[in-house]
Structures are given as structure tokens and as C-alpha cells.
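Asks: Sharing a structure, written as C-alpha cells. Questions coming.
The values are calculated or read from the model by the stated rules, or taken from the named source; none is laboratory data. Note that the coordinates shown come from a computational prediction; the quantities given were computed from them, not determined experimentally. For neighbour counting, all protein chains shown are included, and Cβ atoms are generated from backbone atoms with ideal geometry for every residue, glycine included.
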Amino acid sequence: MTGSSRSIEICKVHGSATTRVADSVAIEEPLEIQLSSPAAEGAAAKSVSITMRTPTDDANLAIGFLFTEGIIESADQVVSVEHRGEPAPDSGLRNIIRVEISPDVDLQLERLERHFYTTSSCGVCGKASLDALRVTGQRSLKDQATTFSSAMLTALPDAVRQQQAVFFETGGLHAAAVFGSDGEIEVVREDVGRHNATDKVIGALFRAGRLPGHEFGLFVSGRASFELMQKALVARIPLLVAVGAPSSLAVQTATEFGMTLIGFLRDQTYNIYTGEERII
């Protein structure tokens with residue numbers, strides 16, 4: 001077993017013949033994200049999310065999640081990030097990560113009661129729609145004029161796949177990637193969940209001081225949901241490119257906040273749903 005995959009024996013069927021062979025499967029384990037602050041009342045640490053994830057890059061996942069949910073705004077607000085708890089008996093993984101926040105951050109912990117149970121497939125379930133973004137004062141990206149070439153976009157799926165080591169082993173992971181207008185891929189992360197992979201790449205940029213991401217695009221290997229549009233918007237990334245279909249609320253979010261949304265990017269074709277002016 002590695003950090004991201006596990007080797008198992010399977011029965012492979014081909015016509016009437018069966019053979020027993022070794023195979024690799026992607027690891028899926030729960031991660032509890034805890035938040036603590038000297039300024040918080042009550043318990044020393046509060047659980048704010050449980051997500052099913054591929055256990056690599058947990059620190060970036062946690063930081064990316066807290067940033068895109070509006071809990072933290074800058075890297076200097078994070079005092080520490082560390083795993084806690086005993087290793088799980090079956091996997092040896094430590095599935096709790098605690099983020100300590102600077103005491104001058106207004107945590108507004110009551111906001112965290114509303115929706116924080118997530119799964120690898122659905123993202124933040126039960127989220128109130130666009131009102132959540134309006135309330136937090138997110139601004140339009142319409143004036144961000146970074147452009148991206150069509151030829152570069154159609155080359156993205158293969159370029160990202162070349163950096164998906166665990167996908168090659170298992171065939172069972174999503175990817176998220178941040179790329180520049182020149183097509184240079186800045187960071188790629190894999191996970192069983194699209195939203196987790198996205199939190200990992202945004203968390204990596206956040207911790208490296210590379211946000212806001214006005215000059216970047218975000219690529220996701222699955223469909224484009226409202227949650228992914230929200231994460232791109234908070235990171236100030238004006239372009240979201242998805243291999244799959246967008247949801248109606250993803251299109252509505254992109255329209256309202258002046259973002260470019262592309263879906264069905266495959267086999268040298270794609271659909272532009274909003275923000276066609278950024279594609280040349």
C-alpha cells in the first residue's frame with residue numbers, strides 16, 4: 001500500500017477464462033478537519049468537515065477548503081496544520097487534521113453548523129445557492145482580461161493525464177490542475193473527489209502566496225458543479241474547464257460573476273457556456 005493506492009488480488013474474467021491477478025485500487029478514507037483558535041469559545045478544537053478523500057496532501061486540502069469557504073483570507077492567519085489522533089487500525093493513516101488559526105481571526109463558528117458533511121462524490125451537500133456568495137461579498141471577475149488559446153485548451157486533458165501517477169495505477173481518481181495562459185501547468189493534484197482535488201490545488205497556491213489567481217485557469221477531470229465554480233471564484237480564477245458537463249447553477253454562477261466556463265473538453269472539442277471573450 002502506498003499513500004494513494006492499495007494492491008489487491010482480483011479475479012479477471014475474459015470471455016470464459018478467469019485468472020487471478022494483482023491490481024491497484026485508489027484509497028478512500030475519511031478526513032476530519034478540525035479548527036482551533038485561542039479566540040474561540042468552548043471546545044479547544046471544533047470539527048468543521050468530514051470528507052472522503054485520497055490521503056495525500058491533507059494539509060493543502062484543509063487549507064484550500066477553509067480558504068474557499070471564507071474562513072481564512074491569508075496564509076499568515078494559519079498558525080499550524082498537523083495531523084492528530086491515533087492511526088487507523090486497518091490502514092495506519094491518521095485521519096484527523098487540525099488547523100490552528102490566529103487569535104485575531106473572527107471565526108464566526110456558528111456559520112460552520114450549516115452544511116459541513118461532504119462526500120467524495122457530491123462536494124458540499126446542501127449548500128445554499130448563489131446567496132452564499134453574494135453574502136460574502138464576492139466580486140465579479142468580468143474585468144479580468146486574461147485570455148487562453150483554443151489549441152492550448154484542447155491539449156490540456158493529455159497534459160494533465162501525464163501527471164496523474166495514481167490514475168495510471170488505479171484508473172479511479174479525479175484530477176484538478178491550475179494552468180497559466182501559456183499552457184504551463186502550475187500544479188496538479190489527484191483525489192477520489194473533484195472538490196477535494198480542487199481544494200488541494202487551491203490550497204497549494206494559497207500557501208505559496210500565489211493567489212489571487214487572475215492569470216490562471218482551473219481544469220477538473222469531471223463535471224462542473226456549483227461548488228467548483230465557487231472555489232474558482234474565491235481564488236479569483238476566471239476560467240473553469242471541465243471534461244464533463246456543467247450544472248445549471250454552475251452556468252448561472254459563471255454568468256453572474258463574469259467567469260468563463262467550458263465543458264465537455266475532449267477529443268479536440270469543447271463547449272463554451274459563458275465568457276467566450278477569453279478564448280482565442
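Asks: Cβ-Cβ below 8 Å, separation at least six or inter-chain, first residue in segment 5-17 and touching a residue at least 12 places away in the same chain (Cβ under 8 Å), second among the polar types (S, T, N, Q) and assigned to a strand (DSSP E or B): which pairs?
Replies: From segment 5-17, the pairs are 5/24; 6/24; 7/24; 8/24.
Asks: Looking at segment 65-112, which of its residues are assigned to a helix (DSSP H, G or I), in contact with a strand residue (DSSP E or B) (Cβ under 9 Å, 6 or more places away or on another chain) and either of a type outside the set (A, V, I, L, M, F, W, C) or on the phi > 0 side of the Ramachandran plot (or both)? Even if it seems obvious, please write down each step before you answer.
Replies: Initial filter on segment 65-112 (assigned to a helix (DSSP H, G or I)): 65-68, 75-77, 109-112.
Right, trim to in contact with a strand residue (DSSP E or B) (Cβ under 9 Å, 6 or more places away or on another chain) and you get 65-66, 77, 109, 112.
77, the sole residue that qualifies.
Asks: Considering only segment 217-238, state which residues are at pLDDT 95 or above and under 16 Å from residue 155 (Cα atoms).
Replies: Listed by number, the residues that qualify are 217, 218, 219, 220.
Table: residues versus (1) of a type outside the set (Ser, Thr, Tyr); (2) within 25 Å of residue 6 (Cβ to Cβ); (3) at pLDDT 95 or above; (4) in the same structural domain as residue 242 (by TED's automatic domain parsing).
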residue: 157; (1), (2), (3), (4): yes, no, no, yes
residue: 168; (1), (2), (3), (4): yes, yes, no, yes
residue: 172; (1), (2), (3), (4): yes, yes, no, yes
residue: 177; (1), (2), (3), (4): yes, yes, yes, yes
residue: 185; (1), (2), (3), (4): yes, no, yes, yes
residue: 193; (1), (2), (3), (4): yes, yes, no, yes
residue: 200; (1), (2), (3), (4): yes, yes, yes, yes
residue: 210; (1), (2), (3), (4): yes, no, yes, yes
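Asks: Considering each of 69, 86 in turn, give the residue that is out of contact with any Ser or Thr (no Cβ under 7 Å at 6 or more places or on another chain), outside the structural domain of residue 164 (by TED's automatic domain parsing) and either over 18 Å from residue 202 (Cα atoms) or surrounded by fewer than 17 Cβ atoms within 10 Å (Cβ to Cβ) (or both).
Replies: 86
Asks: Determine, yes or no, whether residue 45 is touching a strand residue (DSSP E or B) at 6+ places or on another chain (Cβ under 6 Å), modelled with pLDDT under 90 and not assigned by TED's automatic domain parsing to the domain that holds residue 165. Full working, then the answer.
Replies: Details: touching a strand residue (DSSP E or B) at 6+ places or on another chain (Cβ under 6 Å): yes; modelled with pLDDT under 90: yes; not assigned by TED's automatic domain parsing to the domain that holds residue 165: yes.
Taking the combined requirement at face value, the residue satisfies it.
Asks: Out of everything in segment 263-273 that is touching a helix residue (DSSP H, G or I) at 6+ places or on another chain (Cβ under 7 Å) and of a type outside the set (D, E, K, R), what residue ends up being modelled with the lowest pLDDT? Walk me through how you get there before you give the answer.
Replies: Let us first name the residues in segment 263-273 that are touching a helix residue (DSSP H, G or I) at 6+ places or on another chain (Cβ under 7 Å), namely 265-266, 268, 270, 273.
After this cut, where a residue has to be of a type outside the set (D, E, K, R) as well, the list is 265, 268, 270, 273.
Numbers: 265: 96, 268: 92, 270: 97, 273: 96.
For segment 263-273, the residue satisfying everything is 268.
Residues are listed down the side, and each one gets a yes or a no for (1) in contact (Cβ under 8 Å) with a residue 40 or more places away in the chain; (2) within 18 Å of the chain's Cα centre (by Cα):
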site: 178; (1), (2): yes, yes
site: 190; (1), (2): yes, yes
site: 195; (1), (2): yes, yes
site: 223; (1), (2): yes, yes
site: 228; (1), (2): yes, yes
site: 242; (1), (2): no, yes
site: 268; (1), (2): yes, no
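Asks: Find the residue count for segment 1-28, including only residues that are surrounded by fewer than 15 Cβ atoms within 10 Å (Cβ to Cβ), under 28 Å from residue 78 (Cα atoms) and at pLDDT 85 or above.
Replies: Number of matching residues: 0.
Asks: While we're on this one: Considering only segment 168-280, give the strands (runs of 3 or more DSSP E) lying wholly within it that have at least 1 residues that are of a type in the set (D, E, K, R) and surrounded by fewer than 21 Cβ atoms within 10 Å (Cβ to Cβ).
Replies: Because the criterion is at least 1 residues that are of a type in the set (D, E, K, R) and surrounded by fewer than 21 Cβ atoms within 10 Å (Cβ to Cβ), the strands (runs of 3 or more DSSP E) in segment 168-280 that meet it are 185-191, 260-266.
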